[in-house]
Amino acid sequence: MRLLIMGPQGVGKGTQAALLAEHYGIPAISTGDIFRANIKGKTELGLKVIAYTDKGELVPDELTNSIVKDRLAQDDTKNGWILDGYPRNAAQVEALDAMLEELGTPLDAVVALDADHDVLMARIAKRAEEQGRTDDTPDAIAKRLATYAKETAPLLDTYKSRGQLVAIDGVGEIDAIQKNIVEALDAR
C-alpha cells in the first residue's frame, strides 16, 4: 500500500503514520524526520534545512523532492510506504506524480487528518515542551499553519477529484483514530 498522510502541523500525522506503518508492514517516511536527523547530525543538508526551519519557512521544493525521490527508490519501499509531510504544494504533487510514474508505483490513497486551530496550537505547544523542538516557537507555528492553509490544504481537492482522498477527524483517542483510518482504507 502506498499512502500519503496529510493535514496541518500538530494533527497527529506522525503518530498515525507510525501506527499505519506497523499495521501494514511498510515504512513511514517523514520528510521532517529526515530533515531533523540531518540537523542533529550537523550534516550539510541539516545546515541548509535549519536556515529555513528556524524562520518557520518550508524547505525548498528542489531539495525536498530530491530527498523523497531517493527515499522512495530504496529497497524497503518495494511493498509500499506512507509519506508524511509531502507533498506540501502543487509543484510537489507534480514532482511526486512523475516519481511514481517513473518507479511504476501508483498512489493508493491519501489520508487527510483535520482538527480545529486551537487543538493544533495546544498539541504543538505540548510537543515543543516535551521534545524541545526549536522549530515549534509560536511565530514559527503560526507561519507553518498559515502556509498549510494556503498551499497544502488545496491539494486535498486534487486528491479528492482523483478518488484517492480518505478524510478522517484527527481529534479523539489515538487508537480510535487509527481504527477509523484502517477501516476506511480497507473498505476501498
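Brief remarks follow.
- Size descriptors for the range 122-188 (Cα atoms only): Rg and Dmax, in that order, 15.3, 40 Å.
- Looking at the range 1-110, the trypsin sites (Lys or Arg not before Pro) that sit in a DSSP loop and have at most 16 other Cβ atoms within 10 Å of their own Cβ are LYS42, LYS55, LYS78.
- Of the GluC sites (Glu not before Pro) found in the range 27-68, those in coil by DSSP whose Cβ has at most 16 other Cβ atoms within 10 Å are GLU57.
- Checking the Cα-Cα distances for LYS40/LYS69; LYS126/LYS179; LYS78/LYS143; LYS13/LYS40; LYS13/LYS42; LYS55/LYS78 against a 32 Å cut-off, the pairs over it are LYS78/LYS143; LYS55/LYS78.
- Intensity falloff of the range 17-132 expressed as log10 I(q)/I(0), Debye formula with alpha-carbon point scatterers, at q = 0.11, 0.15, 0.18, 0.21 Å⁻¹: -0.42, -0.80, -1.14, -1.41
- For the chain, the Cβ-based charge dipole about the Cα centre amounts to some 240 debye (Lys, Arg positive; Asp, Glu negative; other atoms uncharged).
- Model label sites at ASP108 and LEU47, defined 7 Å from Cα along the beta-carbon direction, differ in position by 4.1 nm.
- In a DSSP loop and with at most 14 other Cβ atoms within 10 Å, the GluC sites (Glu not before Pro) in the range 86-188 are GLU173.
- Scaling the Cα radius of gyration of the range 83-161 by the globular reference 2.2 N^0.38 Å produces a ratio of 1.30.
- The alpha carbon centroids of the range 79-142 and the range 17-46 are separated by 11 Å.
All of the numbers you see were taken from the coordinates with simple rules; none came from a lab. Note that the structure is a prediction, hence the values are computed from the model and not measured. No Cβ is skipped: glycine too gets one built from the backbone with ideal geometry, and neighbour counts run over all protein chains shown.
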